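First comes the structure, then the notes that go with it.
The values are calculated or read from the model by the stated rules, or taken from the named source; none is laboratory data. Just so it is clear, the structure is predicted and the values come from calculations on it, not from any experiment. Note: ideal-geometry Cβ built from the backbone for every residue, glycine included; neighbour counts use all protein chains shown. Side chains are part of the model used for accessible areas, which takes the heavy atoms of the whole protein and leaves out ligands, DNA and RNA. Shrake-Rupley method; radii C 1.70, N 1.55, O 1.52, S 1.80 Å.
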Amino acid sequence: MGKVILYDTTLRDGTQGEGISFSAEDKVKIALKLDKMGFHYVEGGWPGSNPKDMEFFRMIREYNLEHAKITAFGCTCKPQTSPAEDPNIQSILEAGVQVATIFGKTWDFHVTHALKTTLEENLKMIRDTVKYLKSRGLEVIYDAEHFFDGYKSNADYAMKTIKAAEEAGADTICLCDTNGGSMPHEISEIVRRVVDAVQVPIGIHAHNDCELAVANSIVAVQAGAVQVQGTINGFGERCGNANLCSVIPNLVFKLKIDCMDRDKLQALTELSRYVSELANVHPDNSQPYVGSSAFAHKGGVHVSALLKNPETYEHIEPGLVGNSRRVLVSELSGMSNIIYKAEELDLDLDMNRTNPETKKILEQIKYLENKGFQFEGAEGSFELLMRKAFNGYHEPFELLALRIITEKREAGVIYSEAIIKLKVGEEIVHTAAEGNGPVNAMDNALRKALEVFYPFIRDMKLADYKVRVLDGNAGTRAQVRVLIETHDKELGSWGTVGVSENIIEASWQALVDSLAYGLLKKKKETEK
Ligand SMILES: CC(=O)SCCNC(=O)CCNC(=O)[C@H](O)C(C)(C)COP(=O)(O)OP(=O)(O)OC[C@H]1O[C@@H](n2cnc3c(N)ncnc32)[C@H](O)[C@@H]1OP(=O)(O)O
Ligand SMILES: CC(=O)C(=O)O
């Protein structure tokens, strides 16, 4: 099989996904990234839809793209009108692009029920629109909307619609599974028939309503499609579009089909997270290839084999797509997890299968997880626990007393104050601080006391604070787990955990670990 052309529609169909919206500036940033990665086409939007999309086309003209052609999207002209007087078609010309992507109706039912016109008139709309844009010097990609449903309903008419596009000069015809309801064997069979019947290159545009968009794109390519349309992270209308972060590595690594240089593919994970970040959507951890769990190993049996040879539990080397292997520590761990982790964290501890301390740590983790701790997202607490077990760790401070007052005053104002007494080395510090709640007051007081000794803790910011009730049936007596994420611009991010029936105590444990681990990281950094 030859080369496959990658067509990204994150900026158009991707934004039809619920909750997805990009500013014109963000669209430009994404287009530039896609260009750098070697995507062949980037659909920028529908210029006739809104001023933002038109603004994008104005902005992107300022850049010289290396690889990607920017395309403007739109539909065929309205029934009984000519493209020259159709504002939607004129806006494509105004967008100043060299490529237009035009969708037209394939399904007889849509022609009569959505367009409310005749089958003949729809063929004329397709023909006139494609011909007009070709006469204006544009490359035209014709998206045959609902092609597979249309073909199943009335194959003869469906074929007439794409023949109309072909005869009018379309450069590529893309078959769309618009409702995402087709099965791979149907896609495969129909694409094969179309490829045999038309001369122009065929593309595939699959939606994910049966969770088959990636599979349908792959079988379409095997059946002869040479262009794949999709989006980064599978964003798109309803259940989304074919996820190019899966389609591309499947084509390259599994089918050995050329579509992106392998060195560029190493930026795929970063691209996926970048697009999520700009969309303000939390990345999907379990996304194949690029998700943070895609190469995360939890079960002890898996990690044991992985240490012998990673291929035992990994279908590709994670670095090929810019991802990385992670080993998680939990109640499902074996000694292998602990040993791997100690090596990864570069702990110079004598951690091996024969050292009884290794077994002791494993047992302690299982005991604590049974009590509600979760070390998966709390690598800071985990490292401290290991260091304490090996007696190679000195607490940077010791709590002598803590008192927290919360008072509800007039007009509903809640006031909290924490008074803290710590021993740092040989010195005793006694200090107080206010906060908008008891945990905040405690955090402020602890930091105030420690900043005198460790001024750099000012840079360690609390990035996330999560409370999880572990046994809801116990009502307000319930045990809670507190997970804290701390961030420092020099040291990065780390998680810590605390568990107690008292939310202040659980928060204290996670908070103390957060700062103690930050101090440990800082010490290691300075000693480098
Ligand atoms: C399968 C897809 O994903 S196609 C892309 C879908 N994306 C979007 O709809 C997002 C952008 N859309 C928009 O901004 C608006 O819908 C606009 C500006 C395009 C149109 O807005 P309006 O003129 O108010 O029309 P409205 O959205 O209510 O209805 C769509 C019109 O397009 C017509 N239409 C639909 N497909 C086609 C087509 N292939 N060719 C010509 N007209 C079409 C419909 O029949 C309807 O016209 P009607 O009201 O005369 O029946
Ligand atoms: C064109 C398009 O987005 C579709 O048919 O799904």
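Data table
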{"read-out": "Unsatisfied cross-links (Cα-Cα over 29 Å) in the set LYS371/LYS489; LYS461/LYS523; LYS29/LYS116", "value": "LYS371/LYS489; LYS29/LYS116"}
{"read-out": "Estimated dipole of the chain in Debye, rounded to 20 [Cβ of Lys and Arg +1, of Asp and Glu -1, Cα centre]", "value": "320"}
{"read-out": "Listed residues PHE148, ALA411, GLY319: farthest to the positive end of the dipole of the chain (Cβ charges)", "value": "GLY319"}
{"read-out": "Built amide H within the under 5 Å cut-off of ILE5, gap 5+", "value": "GLN227, VAL228"}
{"read-out": "Pairs of alpha carbons in segment 81-138 whose separation is greater than 14 Å (percent)", "value": "55"}
{"read-out": "For segment 270-285, 3J(HN,Hα) per residue [Karplus equation, 6.51 cos²θ - 1.76 cosθ + 1.60, θ = phi - 60°, Hz, x = Gly/Pro]", "value": "4, 4, 4, 6, 5, 5, 4, 4, 5, 7, 6, 10, 5, x, 7, 4"}
{"read-out": "Distance from segment 112-177 to segment 61-91 (C-alpha centre basis), Å", "value": "16"}
{"read-out": "Whole-Hz ³J(HN,Hα) from phi, Karplus 6.51 cos²θ - 1.76 cosθ + 1.60, for segment 33-48, glycine and proline x", "value": "5, 4, 4, 4, 6, x, 4, 8, 10, 10, 7, x, x, 10, x, x"}
{"read-out": "Bins of 10 Å, starting at 0 and running to the largest distance - Cα pair percent for segment 479-528", "value": "29, 44, 21, 6, 0"}
{"read-out": "Cα→Cβ-extended label distance, 7 Å offset, between LYS254 and PHE456, nm", "value": "4.6"}
{"read-out": "Heavy atoms of GLU501: accessible area, 1.4 Å probe, square angstrom to 10", "value": "130"}
{"read-out": "Alpha-carbon Debye profile of the chain, log10 I(q)/I(0) at 0.09, 0.12, 0.13 Å⁻¹", "value": "-0.79, -1.05, -1.15"}
{"read-out": "Rh (Kirkwood; distinct C-alpha pairs) - segment 71-181, Å", "value": "13.6"}
{"read-out": "THR117 versus ASP348: modelled label distance in nm, points set 7 Å from Cα along the beta carbon direction", "value": "7.8"}
{"read-out": "Volume per residue of the C-alpha convex hull in segment 397-453, rounded to whole Å³", "value": "59"}
{"read-out": "Column: log10 I(q)/I(0), Debye, Cα scatterers of segment 379-491, q = 0.13, 0.19, 0.21, 0.24 Å⁻¹", "value": "-0.68, -1.29, -1.37, -1.36"}
{"read-out": "Inter-part distance where segment 436-455 and segment 462-528 are each reduced to a Cα centre, Å", "value": "14"}
{"read-out": "Rounded accessible area of MET159 (nearest 10 Å², 1.4 Å probe)", "value": "30"}
{"read-out": "Using θ = phi - 60° and Karplus 6.51 cos²θ - 1.76 cosθ + 1.60, couplings along segment 340-355 (whole Hz; Gly, Pro as x)", "value": "4, 5, 4, 5, 4, 7, 6, 7, 8, 10, 7, 9, 8, 5, 8, 6"}
{"read-out": "Under 5 Å, built H, 5+ apart or other chain: amide partners of GLY240", "value": "ASN208"}
{"read-out": "Hull volume in cubic angstrom per residue (convex hull over the Cα atoms of segment 250-344)", "value": "112"}
{"read-out": "Simple spin-label estimate for TYR393 and THR312 in nanometres, 7 Å along Cα-Cβ", "value": "2.8"}
{"read-out": "Within the accessible area of segment 5-256 (1.4 Å probe), percent carbon and sulfur", "value": "50"}
{"read-out": "Accessible surface, segment 5-256, averaged per residue in Å² (probe 1.4 Å)", "value": "37"}
{"read-out": "Stokes-Einstein D for segment 29-103, Kirkwood Rh over Cα pairs, 20 °C, 1.002 mPa s (µm²/s)", "value": "169"}
{"read-out": "Under-5 Å amide H pairs with ILE257, H placed in peptide plane, nonlocal only", "value": "VAL252"}
{"read-out": "Theoretical ellipticity at 222 nm over the chain - DSSP helices of four or more residues, -39500 (n - 2.57) apiece, nearest 500", "value": "-12000 deg cm²/dmol"}
